[in-house]
1. Answer yes or no: is there a residue in segment 32-43 that is modelled with pLDDT of 95 or more, open to solvent by less than 60 Å² (accessible area, probe 1.4 Å) and part of a loop (DSSP other than H, G, I, E, B).
2. Somewhere in segment 61-71, is a residue among the acidic types (Asp, Glu), open to solvent by 40 Å² or more (accessible area, probe 1.4 Å) and over 14 Å from Gly111 (Cβ atoms)?
3. Kindly indicate which of Val4, Val94, Val66 is in contact with an Asp or Glu (Cβ under 6 Å, 6 or more places away or on another chain) and not in a strand (DSSP E or B).
4. Is it fair to say Lys17 is open to solvent by 40 Å² or more (accessible area, probe 1.4 Å) and over 20 Å from Phe124 (Cβ atoms)?
5. Which members of segment 50-63 meet the condition of being among the charged types (D, E, K, R), assigned to a strand (DSSP E or B) and free of Cβ contacts under 8 Å to residues at least 60 places away in the same chain?
6. Got at least one residue in segment 27-40 being more than 28 Å from Met1 (Cβ to Cβ) and charged (D, E, K, R)?
Amino acid sequence: MDYVIKNLRDVDDMAPKFGFETVQEARFPWRDLGAERTGLALIRVKPGQRQAFAHRHEEAEEIYVVIGGNGRIKLDDDVQNVRPLDAIRIAPGVARSVEAGPDGIEYLAFGPHHEGDAEMIQDFWD
């Protein structure tokens, strides 16, 4: 078929698989959608929490769009407040992580899918 419709809430939450369920939800529907080159994620960081780790990509440029709640995003050493419908373009090489405000934060991440392109960074907010 040349199209797929999938509700993002019906995609498996991968956070529990990695022990992050107290901090966030993370749904990566590109497989469910049959996407070959496009990456997509629905991320929800729970109220008052920070993502379990930061990450950066060597090749992929991403765009995050806040769809609910508010909070802050740390981009390398810069911290910015974000709110619904803010769109954030993140160049390859920039480390990023999101911190939720008192109501949590939910955002979509879009970019090209490059298997194995992400580098995880621990203790990013310290």
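The values are calculated or read from the model by the stated rules, or taken from the named source; none is laboratory data. Everything numeric in this text was worked out from a predicted model, so none of it was measured. Cβ: placed from backbone, ideal geometry, glycine included. Neighbour counts: every protein chain shown. Only protein heavy atoms, including side chains, enter the accessible area calculation; ligands, DNA and RNA are left aside. Shrake-Rupley method; radii C 1.70, N 1.55, O 1.52, S 1.80 Å.
1. Within segment 32-43, not a single residue is modelled with pLDDT of 95 or more, open to solvent by less than 60 Å² (accessible area, probe 1.4 Å) and part of a loop (DSSP other than H, G, I, E, B).
2. Looking for residues that are among the acidic types (Asp, Glu), open to solvent by 40 Å² or more (accessible area, probe 1.4 Å) and over 14 Å from Gly111 (Cβ atoms), one finds none in segment 61-71, hence no.
3. Val94
4. Yes, satisfied.
5. Matches in segment 50-63: Glu62 only.
6. No, the conditions are met nowhere in segment 27-40.
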